[in-house]
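Note sheet for the following structure.
The values are calculated or read from the model by the stated rules, or taken from the named source; none is laboratory data. Because the structure is predicted, anything quoted here is derived from the model rather than measured. Note that each Cβ is placed from the backbone with ideal geometry, even for glycine, and that neighbours are counted across all protein chains shown.
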Amino acid sequence: MAQCVVWCLLLATLSAYASSDLGTLVEYCQKLDSADGEAYKEMVKEILNKQKDALKKERTLKNALKSGNEGKISKACAELRTIYEAGKEGAEPIEKCCGKKKPNIVLIVADTLGHNDIGYNNEKFYTPFLDSLADSGVKLDKYYVDTVSTAFRASLMTGRHFPNTGAMGAIYPCANHCIPYSETEKNLPTRLRDAGYSTYYLGKWHMGYSREQCLPTNRGFDYFYGSYQGWGDHFTHVRKDCIKRNKAGANDFTIDCCRWGRDYCSLDCARGGKKEGLDLFENTTPDYTKNGTFSTDLVTDKAKAKIEEHNAKYQGDKPLYMNLAYVNPHMPVQAPQEYIDMITKIPDGELGPYKMPRRTVAAMVYALDVAVAKIVQTLKEEGMWDNTVLVFTTDKGGNKLHTNNWPLRGGKFTYFEGAIRGIGFVASPLLQKSCCDDDCKINKQLYHVSDWYATFLRLAGGKIGASGYDSHDIWDSINRCSQSPRREILHSLNPTIPRKGVPMYPVNVTFDTTIRAVLRMGDYKIFTGKFEGNGGFDGWQAPPEFPKFVTTNHTMIPDKNVYLYNIANDPLEKKDLSASMPDKVREMLDRLKALQPKTRREPYPCPDPDCDPTKYDPPVWMPWL
């Protein structure tokens with residue numbers, strides 16, 4: 001009985017933690033095989049009642065046991081498991097799930113890849129290798145990322161929801177700011193390095209570079225090759241940007257003109273504010289030699305060389321963690337002609353207000369497909385693939401300007417599904433065969449980018465340790481097709497955004513709904529505060545390769561500051577339930593109020609005029625403090 005197997009796995013974790021007799025547990029599992037109906041529920045209750053230590057502080061499970069409701073028991077048991085998840089005593093030893101050696105971990109990140117921009121979601125996109133690799137593993141259908149690049153990276157590095165990382169938003173050029181780092185709460189690559197891994201980061205950093213301490217090689221990585229900033233020309237590797245000024249036009253960098261991000265600044269290029277310089281580095285040294293080489297090909301070639309070098313040096317005795325953060329298909333929309341020529345099903349139509357060529361976007365994604373194929377082939381040639389876990393993910397959803405999330409709502413800079421429900425999958429020879437059965441190949445459990453922190457530590461044989469993390473170990477859930485330990489995601493909570501409307505309830509009673517926040521709890525997602533004018537697209541946009549090109553805008557109601565959606569029943573977010581479900585609204589507002597003290601929001605700094613690439617010859621974007 002599949003149901004029994006799941007229960008046994010859950011109970012094994014609980015039992016190990018509570019120091020119960022495992023022999024007795026096996027007996028009960030055998031009895032469950034022949035039990036059904038009321039007998040099944042009674043057996044489950046009897047087993048759970050034996051977990052005295054684990055039950056002491058878990059009111060939800062106690063109430064569920066009293067009710068005798070099987071569904072409530074199942075949910076409560078899963079909630080209890082989250083408390084002891086992420087590498088504690090109940091987790092299966094790494095040797096049992098992955099063999100005696102710690103696995104290599106390869107994380108491949110696409111940039112602004114839309115829900116509709118990969119072959120297995122849109123057959124007109126040509127991604128044969130990514131499609132086959134995903135089919136060989138587990139696709140993550142309810143996997144959530146973030147709405148901007150820096151947010152995704154901050155959650156990955158810290159194991160926290162973005163509002164709890166201490167970062168503020170996307171880090172723009174010349175911002176004296178980087179992802180906070182604490183020696184007492186080490187980031188992911190540092191923890192993996194401590195566990196015996198060699199750590200490599202190639203591609204787009206976008207976590208700050210104002211100081212040497214912010215750079216990848218001072219943030220836990222043994223090697224870095226790529227760009228410090230969010231984007232640049234894919235062939236010249238030059239980033240052009242403008243001096244940001246306050247709305248009044250004053251060139252005063254002493255005020256906090258950018259504390260709310262780009263919306264509350266202006267770009268002043270007309271008065272000589274434009275600056276440009278190289279943004280390509282090997283470790284901390286500028287690389288001026290790659291003008292004309294496509295960024296994706298460049299990063300892939302470096303990654304292949306590092307894999308070969310690593311294997312030659314360690315001969316399988318030292319595991320590898322490689323974070324490959326590709327910049328495509330982020331703008332500018334550029335691709336080698338050889339990749340464009342491969343795109344035959346996408347017309348030369350244009351997308352978005354700037355008329356971006358959709359066929360070239362598809363070519364950028366195909367370039368990514370070729371890159372991943374080369375990485376996997378290199379791992380196989382080096383004899384490393386059989387002991388490798390590969391995760392493919394986008395950092396955020398598509399942008400209205402060029403990529404596409406149809407039929408999901410919204411895009412980059414919003415918190416609708418099109419922006420945050422990410423393309424992702426896990427591929428590895430280490431996955432159990434059962435996890436790749438037809439019923440489990442598309443995993444519909446709730447996951448978040450922060451979960452890779454605890455999961456990768458588990459694979460490395462470590463434990464997440466101190467409390468305060470938002471990360472869950474999801475390896476068993478993926479590998480065994482079992483329930484996710486995750487029940488909620490705090491996508492946003494930002495009191496520094498200008499407020500909207502009036503509070504729904506007195507602020508001393510529950511959460512202040514004038515504050516911008518987004519919370520997912522189970523099937524429901526609540527929005528509060530201001531979302532208009534944040535640079536994102538909150539409607540639905542079909543791409544030009546569809547016969548009927550549709551763009552439907554959505555206008556939020558003036559002064560209304562609460563929206564509620566049931567994502568399970570309404571994944572396109574068309575029906576606001578806030579008026580018809582006041583109890584659910586209040587429940588989620590109470591939860592936001594409880595979560596608010598944990599958030600860590602630092603002031604978003606204005607651009608520093610001392611950040612000037614033209615100070616160097618040739619010009620280059622270097623740390624300046």
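Among Pro558, Pro609, Pro543, Pro603, which is modelled with pLDDT under 95, closer than 30 Å to Thr344 by Cα and either of a type in the set (Phe, Trp, Tyr) or in a loop (DSSP other than H, G, I, E, B) (or both)?
Exactly one residue qualifies, and that residue is Pro543.
Go through segment 111-141 and count every residue that is not small (Gly, Ala, Ser) and not in a loop (DSSP other than H, G, I, E, B).
Residues that pass the stated criteria total 10.
Are any residues in segment 497-534 out of contact with any strand residue (DSSP E or B) (no Cβ under 9 Å at 6 or more places or on another chain) and of a type in the set (Ser, Thr, Tyr), and if so, which ones?
Answer for segment 497-534, where residues must be out of contact with any strand residue (DSSP E or B) (no Cβ under 9 Å at 6 or more places or on another chain) and of a type in the set (Ser, Thr, Tyr): Tyr505, Thr510.
Is segment 394-406 home to any residue that is touching a Leu at 6+ places or on another chain (Cβ under 7 Å), assigned to a loop (DSSP other than H, G, I, E, B) and surrounded by fewer than 22 Cβ atoms within 10 Å (Cβ to Cβ)?
no
Does at least one position in segment 353-368 carry a residue that is aliphatic (A, V, I, L, M), part of a loop (DSSP other than H, G, I, E, B), surrounded by 15 or more Cβ atoms within 10 Å (Cβ to Cβ) and modelled with pLDDT under 95?
Checking segment 353-368: not a single residue is aliphatic (A, V, I, L, M), part of a loop (DSSP other than H, G, I, E, B), surrounded by 15 or more Cβ atoms within 10 Å (Cβ to Cβ) and modelled with pLDDT under 95.
Quick check on Arg259: is it modelled with pLDDT of 95 or more and not in a strand (DSSP E or B)?
When the stated conditions are applied, Arg259 does not pass them.
Does segment 153-165 contain any residue that is assigned to a loop (DSSP other than H, G, I, E, B), polar (S, T, N, Q), crowded, with 24+ Cβ neighbours inside 10 Å and touching a Pro at 6+ places or on another chain (Cβ under 8 Å)?
Scanning segment 153-165 turns up at least one residue that is assigned to a loop (DSSP other than H, G, I, E, B), polar (S, T, N, Q), crowded, with 24+ Cβ neighbours inside 10 Å and touching a Pro at 6+ places or on another chain (Cβ under 8 Å).
Among the residues of segment 440-455, what is the count of those that are in contact with a Gly (Cβ under 9 Å, 6 or more places away or on another chain) and of a type outside the set (Val, Ile, Thr)?
Looking only at that region, the number is 8.
Here are some conditions: (1) more than 30 Å from Thr190 (Cα to Cα); (2) not in a helix (DSSP H, G or I). Gly418 meets all but one. Which one does it not meet?
Unmet condition: (2).
Return the pairs, sorted by first residue and then second, in which the second residue is assigned to a loop (DSSP other than H, G, I, E, B) and surrounded by fewer than 18 Cβ atoms within 10 Å (Cβ to Cβ), the first residue lies in segment 462-482 and is touching a residue at least 60 places away in the same chain (Cβ under 8 Å), the beta carbons are less than 6 Å apart, and the residues are 6+ apart or on different chains.
Every condition considered, the pairs that remain are Gly462/Ala195; Asn479/Gln432.
On the basis of being more than 16 Å from Arg421 (Cβ to Cβ), at pLDDT 90 or above and not assigned by TED's automatic domain parsing to the domain that holds Thr360, does Phe511 make the cut?
Here the answer is yes, as Phe511 does meet what is asked.
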